[in-house]
Ligand SMILES: Nc1ncnc2c1ncn2[C@@H]1O[C@H](COP(=O)(O)OP(=O)(O)OP(=O)(O)O)[C@@H](O)[C@H]1O
Ligand SMILES: [Mg+2]
């Protein structure tokens, strides 16, 4: 694997966006690619735009206002009005794997919903092999510029 490769998957899309508008367009195009049952892992520093992209994906699927899970604050649900929903995970505050044991991650990852995961690196070993990896990086010197890479990982 070349050293610059960050994912075990295949690079299927890469783009340098210059503005929020362009990120939103990118998110919309990516949303058109995914379907119920898919898992997407997001990687990127604080403020790089993970939540921004996830909200745009949710908007694409015309979801209702985000419903926060009463039990686990790291999981939010967006209802789509279909027989599947969008689950938005944020593992930033996860400190110990033990906290995952009562969440039942597999129940989410292997059912017919869309799972969008922030700070996926924190649960790397629990991620399903069949997924997308999305990397977002700041481009130095440009506040709104981001480099986005999408990898497809398959079993
Ligand atoms: N091109 C761009 N794409 C996305 N967001 C941008 C862009 N340019 C500037 N921003 C700003 O960057 C910030 C991204 O914040 P966001 O909450 O999406 O980051 P995050 O990766 O989810 O961070 P965290 O790790 O804290 O959850 C927002 O304030 C957004 O307005
Ligand atoms: Mg975020």
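The values are calculated or read from the model by the stated rules, or taken from the named source; none is laboratory data. Note that the coordinates shown come from a computational prediction; the quantities given were computed from them, not determined experimentally. Because the Cβ atoms are built from the backbone with ideal geometry, glycine has one as well, and the counts that use them run over all protein chains shown.
Here are a few things to note about the model shown:
- Residues being assigned to a loop (DSSP other than H, G, I, E, B) and either under 11 Å from the mean Cα position of the chain (by Cα) or within 13 Å of ligand 2 (Cβ to nearest atom) (or both) - total across the stretch 43-65: 6
- Some residue of the stretch 2-10 being modelled with pLDDT of 95 or more, more than 15 Å from ligand 1 (Cβ to nearest atom) and exposed (fewer than 13 other Cβ atoms within 10 Å of the Cβ): yes
- Residues of the stretch 69-79 classified as farther than 11 Å from residue 117 by Cα and either over 17 Å from the mean Cα position of the chain (by Cα) or at pLDDT below 90 (or both), total: 5
- Pick from the stretch 17-42, criterion in contact with a helix residue (DSSP H, G or I) (Cβ under 9 Å, 6 or more places away or on another chain) and not in a helix (DSSP H, G or I), ranking: nearest to ligand 2 (Cβ to nearest atom): 42
- Those residues of the stretch 132-155 which are over 19 Å from residue 22 (Cβ atoms) and surrounded by fewer than 16 Cβ atoms within 10 Å (Cβ to Cβ), in sequence order: 152, 154, 155
- Check on residue 129, surrounded by fewer than 15 Cβ atoms within 10 Å (Cβ to Cβ) and closer than 14 Å to residue 40 by Cβ: yes
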